[in-house]
Amino acid sequence: MKTIIFNENNLEQAGKLIRDGGVVAFPTETVYGLGADAMNPEAVKKIFSAKGRPSDNPLIVHIADKKDISKIAREIPYEAEKIIDRFMPGPITVILKKQPGIPNEVTAGLDTVGIRFPSNITAQRFIKEAGAPIAAPSANLSGKPSPTSWKYVLEDMDGRIDGIIEGENCDVGVESTIVDCSSSPATILRPGGVTPEMLKEVIPDIKIDKGILKQLGKGEQPKCPGMKYKHYAPEADVTVIEGGRAFVQGEIDRLLSKAEGKTGVLTMFGDHKYNAGAVLHGGSTNEEYASNLFMRLREFDELGVDCVFAEFQEQDGYGLAVRNRLYKSAGGKVIKEN
Ligand code: TXA
Ligand code: MG
C-alpha cells in the first residue's frame, strides 16, 4: 500500500480517505493518532491490523464539537459534564456509557466508550473534514513508544496505512489523561496532560486507579539487556533511577560501571558528567520531560543504545504521567531512593 503524505493544505483529501473507509494518521497535542471512521467497523478493523494491536483493547473516539458527545455517549453524568466544560478541547479522555450504535470493534465489546476532543487545530479540521467521529489509538506499532513527531509515524506505518498528515511535533508528548466517568466517583485510569491537581479543582473526591504505577518488588534486580516489554518500549533496555540528585547520579554511575553494551543516560538534573555512550536530556521539569520522553526513547534506538538509565524525580503535577510512562518503558525496573 502506498501511504500518502498530507499537510494542513490538503486536509479535505485526508477527510475523504476516512469517508472511503481508509486509515489516516494525524497530529494531536498529545501524540499522533491512527484514525478511521468510528462508525465503520471494517475501517476500524484496519487500525488493529496496521498496529498489530490486540482486538480486546478499545479505541478512543475523537470529536471536534462538544455537541457530538451525546451522539456517542448515552449518559453524561455531572462529573463528566464538569470535566468536559473545564478541560475540553484538551489532553483528556472521558469514559462514558456508549450509545448502542457505536460498533463493538471500537469499544472491544465494552458497554463504555472513551471520548476525546483534541485541542490541536489540524486534528479538529481533519475530524470536521471527515464528517465523522474518528476512532484512533496512538500511531505507533503496538508496544513501541507513541510517536510525537510525524517522522516516527512514517517509520512505524509507511506502507501499512492510507495516509499520514504531516504536522508539528506534539507538545504535551504523553497520551491524554483518561478519566472513567461511567461510575461514581470518577477515577483517573491513565495520567496525562491534565494533572490530578487540575482535576481535583472540579472533582475534589476523584480517585486515582491503583494500577497506574507498578515497580520492581524487593530484591529484584534490573538486568541489562533483559526481557522484552509490553508498553512504550524502545529496543533498548530501560531502568529508572528515582529520587534526589545525589542518589540518582551515584546509582547511575554505579550501574554504568557494570553495564554491558552501548549505554545511554536520560537526564533530568543535567549537571553530571556520565561515562556513557550517549547522554540525552529529558527535561528539567516534569512537564518538559513528558514532552520529550517518547522522542528521546526513539533517539536512543537510533543511536544503537542497548541499555538506558533514566534519571527521575517527581516534581510537579506532570510527575505522575512521566513516572507512569517511564516505569512502563522500563518494564517495572525501577531503583527508588527510600
Ligand atoms: O492522547 C491520546 O489519548 C491518544 C491520541 C491519539 O488521542 N490516543 C491514545 O490511544 O493514547 P491508545 O489507544 O494508545 O490508548 C487508549 C487507552 C487504552 O489503554 C485503552 O485500553 C483505553 O484507552 N480505553 C479506551 N476505551 C476504553 C474504555 N471504554 N474503558 C476503559 N479504557 C478504555
Ligand atoms: Mg497507545
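Scanning the stretch 111-126 for residues that are away from ligand 2 (no atom under 13 Å from the Cβ) and closer than 16 Å to Val94 by Cα yields Asp111, Thr112, Val113, Ile115, Phe117, Pro118, Ser119.
Out of the residues in the stretch 219-258 that are of a type in the set (A, V, I, L, M, F, W, C) and at pLDDT below 95, state the one that is farthest from Glu311 (Cα to Cα).
Taking the stretch 219-258 and keeping what is of a type in the set (A, V, I, L, M, F, W, C), we get 224, 227, 233, 236, 238, 240-241, 246-248, 252, 255-256.
From the residues that got through so far, the ones that are at pLDDT below 95 too are 224, 227, 233, 236.
Working: Cys224: 16, Met227: 21, Ala233: 17, Ala236: 16 Å.
So, considering only residues that are of a type in the set (A, V, I, L, M, F, W, C) and at pLDDT below 95, the one farthest from Glu311 (Cα to Cα) is Met227.
Name the single residue that is farthest from ligand 1 (Cβ to nearest atom) among those in the stretch 46-95 being under 22 Å from the mean Cα position of the chain (by Cα) and more than 19 Å from Gly35 (Cα to Cα). Selected residue: Arg86. Within the stretch 15-37, the only residue that satisfies the criterion of being closer than 19 Å to Pro89 by Cβ and more than 23 Å from the chain's Cα centre (by Cα) is Gly15. Is there a residue in the stretch 155-165 that is more than 30 Å from Pro204 (Cα to Cα), within 14 Å of ligand 2 (Cβ to nearest atom) and not basic (Lys, Arg)? Looking through the stretch 155-165, at least one residue is more than 30 Å from Pro204 (Cα to Cα), within 14 Å of ligand 2 (Cβ to nearest atom) and not basic (Lys, Arg).
On inspection, Leu266 does not qualify as outside any strand (DSSP E or B) and either in contact with a Pro (Cβ under 9 Å, 6 or more places away or on another chain) or not charged (D, E, K, R) (or both). Residues satisfying the criterion are absent from the stretch 63-85 (criterion: over 22 Å from Val194 (Cα atoms) and touching a helix residue (DSSP H, G or I) at 6+ places or on another chain (Cβ under 6 Å)).
Against the definition (surrounded by 24 or more Cβ atoms within 10 Å (Cβ to Cβ), touching an Asp or Glu at 6+ places or on another chain (Cβ under 8 Å) and among the β-branched types (Val, Ile, Thr)), how does Thr30 come out, yes or no?
Working: surrounded by 24 or more Cβ atoms within 10 Å (Cβ to Cβ): yes; touching an Asp or Glu at 6+ places or on another chain (Cβ under 8 Å): yes; among the β-branched types (Val, Ile, Thr): yes.
Yes; evaluated as a whole, the condition is true for this residue.
Filter the stretch 127-139 for residues that are within 16 Å of ligand 2 (Cβ to nearest atom) and surrounded by fewer than 24 Cβ atoms within 10 Å (Cβ to Cβ) and give the result.
Pro137
May I ask you to list the residues in the stretch 157-192 that are among the small types (Gly, Ala, Ser), crowded, with 19+ Cβ neighbours inside 10 Å and more than 23 Å from Leu141 (Cβ to Cβ)? Hits for the stretch 157-192 are Ser182, Ala186. Gly21 meets the conditions (1) on the phi > 0 side of the Ramachandran plot; (2) crowded, with 23+ Cβ neighbours inside 10 Å in every case but one. The failed one is (2).
Which one of these is part of a helix (DSSP H, G or I) and either surrounded by fewer than 21 Cβ atoms within 10 Å (Cβ to Cβ) or not acidic (Asp, Glu) (or both): Ala290, Ala310? So that I can check it myself, show each step before the final result.
Details: Ala310 fails: part of a helix (DSSP H, G or I).
Just a single option satisfies the conditions, and that option is Ala290.
Apart from one condition, Ile178 fits all of (1) away from ligand 2 (no atom under 16 Å from the Cβ); (2) closer than 19 Å to Ala290 by Cα; (3) of a type in the set (A, V, I, L, M); the exception is (1). Among the residues here, Lys67 qualifies as exposed (fewer than 15 other Cβ atoms within 10 Å of the Cβ), of a type in the set (Lys, Arg) and more than 15 Å from ligand 2 (Cβ to nearest atom). Of everything in the stretch 234-263 that's among the basic types (Lys, Arg) and outside any loop (DSSP other than H, G, I, E, B), which residue is farthest from Lys336 (Cα to Cα)? Filtering the stretch 234-263 for residues that are among the basic types (Lys, Arg) and outside any loop (DSSP other than H, G, I, E, B), the one farthest from Lys336 (Cα to Cα) comes out as Lys258. So which residues in the stretch 154-178 are within 11 Å of ligand 1 (Cβ to nearest atom) and out of contact with any helix residue (DSSP H, G or I) (no Cβ under 6 Å at 6 or more places or on another chain), if there are any at all? Correct list: Cys170, Val172, Glu175, Ser176, Thr177, Ile178.
If you take the residues in the stretch 128-152 that are among the aliphatic types (A, V, I, L, M) and more than 11 Å from ligand 1 (Cβ to nearest atom), which one is nearest to Gly282 (Cα to Cα)? Let's see the steps before the verdict.
Residues of the stretch 128-152 that are among the aliphatic types (A, V, I, L, M), as a first pass: 130, 132, 134-136, 139, 141.
The next check asks that each one be more than 11 Å from ligand 1 (Cβ to nearest atom); those that pass are 130, 132, 141.
Numbers: Ala130: 36, Ala132: 37, Leu141: 23 Å.
Restricting to residues being among the aliphatic types (A, V, I, L, M) and more than 11 Å from ligand 1 (Cβ to nearest atom), the top hit is Leu141.
Inspect all residues belonging to the stretch 110-126 and state whether any of them is surrounded by fewer than 19 Cβ atoms within 10 Å (Cβ to Cβ) and hydrophobic (A, V, I, L, M, F, W, C). Looking for residues that are surrounded by fewer than 19 Cβ atoms within 10 Å (Cβ to Cβ) and hydrophobic (A, V, I, L, M, F, W, C), one finds at least one in the stretch 110-126, hence yes.
The values are calculated or read from the model by the stated rules, or taken from the named source; none is laboratory data. This is a predicted model, so every value here is computed, not measured. Here the Cβ is made from the backbone with ideal geometry for all residues, glycine too, and neighbour counts use every protein chain on show.
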